[in-house]
Amino acid sequence: MFRALAHFFLIGGLLFAARTGLQRVRPPAQEISIEVASDADDAEVEQKVREVILLREARKYEWVRRDPIIFQHLVRNMRFIEAGSQEGDTQLFARALELQLHERDPVVKARLLHRARAALSRVPEEELPSEQELEAHRKRYSRRFEREGELRLEHVFLSRSRRPDSLDRDAARLAAELSARTGEELASLGDPLPGLRPVQSLRPTQWRASYGEPFADAVTRAEIGSWYGPVPSVYGLHFVRVLGRAERFLPPLEQIEAEVRADFLADKGRALAEQRLHALRNAYAVQVRRRP
């Protein structure tokens with residue numbers, strides 16, 4: 001199905017010409033006229049030109065008739081327009097096309113552009129990556145695939161709901177006691193909180209998700225071995241001592257192969273889409289008119 005949808009971009013040898021240089025004689029350019037705002041910059045003009053070309057190509061090869069989402073959308077519109085109609089979906093769809101409801105419909109336009117861009121980005125089987133190429137991609141773009149190291153903390157919590165009137169006073173008292181307490185003794189100093197243990201290792205993003213941005217920033221900056229706090233969260237106040245930080249690391253390919261493959265194909269698809277759209281763009285002579 002997807003291969004068929006991509007086929008229209010190969011019609012006329014445009015993309016084969018772009019990739020292999022086999023086409024020596026270019027067919028006459030098709031003329032199109034684009035209307036843009038008077039103050040549109042070059043980037044906006046080019047975006048408009050590309051959209052018009054993609055829509056023109058998609059409609060030329062009748063994608064409107066073959067896309068199930070467009071079919072369902074136009075049928076729903078017809079059932080709204082002709083409430084009570086007993087005709088089947090196929091008949092209503094045909095009449096929608098006769099009425100040219102699809103020509104200015106924003107949903108149809110968005111769908112055609114989406115499918116056109118997806119087709120342009122398709123990576124052919126002969127260009128799918130080998131394991132060696134995936135490993136090279138993993139190393140080249142290692143920052144994309146790195147994992148956070150865990151942050152190991154000792155943690156004492158004072159609940160705002162349990163200590164509505166004494167929270168700040170209790171926090172001051174606790175700060176003075178902490179330096180003399182370690183290990184299991186810490187559990188008796190604070191309040192329980194679901195998921196919290198006196199000593200715990202989590203990635204910074206997990207600490208952030210559990211206790212918020214201020215807490216995560218504080219423990220990221222805190223020195224190893226010293227008590228830090230009180231640090232506020234939505235639950236109350238926290239005292240933490242960082243016991244250790246593991247550095248960020250890059251997992252081996254066998255652990256993240258699917259992620260690396262998807263990233264490789266996304267990069268490859270973007271490059272192919274630009275190359276193919278450039279070839280398609282060269283088949284048109286564009287006249288730009290600016291609205292006064």
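Values quoted throughout were computed directly from the atomic coordinates according to the rules given, and no laboratory measurement underlies them. Bear in mind that the values here come from a model prediction, so they are computed numbers and not experimental data. Positions of Cβ are generated from backbone atoms using ideal geometry, with glycine treated the same way; all protein chains shown enter the neighbour counts.
One table, with the values for the structure above:
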{"item": "Proximal charge balance of Pro252 [Cβ under 14 Å; K/R count +1, D/E count -1]", "result": "-3"}
{"item": "Anchor Lys268: lysines whose Cα lies under 20 Å away (excluding residues fewer than 8 positions away in-chain)", "result": "Lys139"}
{"item": "Within the range 157-269: Cβ-based charge dipole about Cα centre, in debye rounded to nearest 20 (Lys, Arg +1; Asp, Glu -1)", "result": "260 debye"}
{"item": "Order by protection proxy (mean Cβ within 10 Å, highest first), peptides 146-156, 195-205", "result": "146-156, 195-205"}
{"item": "The chain, dipole about Cα centre (Lys/Arg Cβ +1, Asp/Glu Cβ -1), debye to the nearest 20", "result": "740 debye"}
{"item": "For the range 242-292, projected area of the alpha-carbon convex hull averaged over all directions, nm²", "result": "9.2 nm²"}
{"item": "Interchain or long-range residues, amide H under 5 Å from Arg160's placed H", "result": "Gly236, Leu237"}
{"item": "Under 24 Å from the Cα of Lys109 - lysines, other chains or at least 8 residues apart", "result": "Lys48, Lys60"}
{"item": "Within the chain, helix-based [θ] at 222 nm, where runs of 4 or more DSSP H residues each add -39,500 (n - 2.57), nearest 500", "result": "-15000 deg cm²/dmol"}
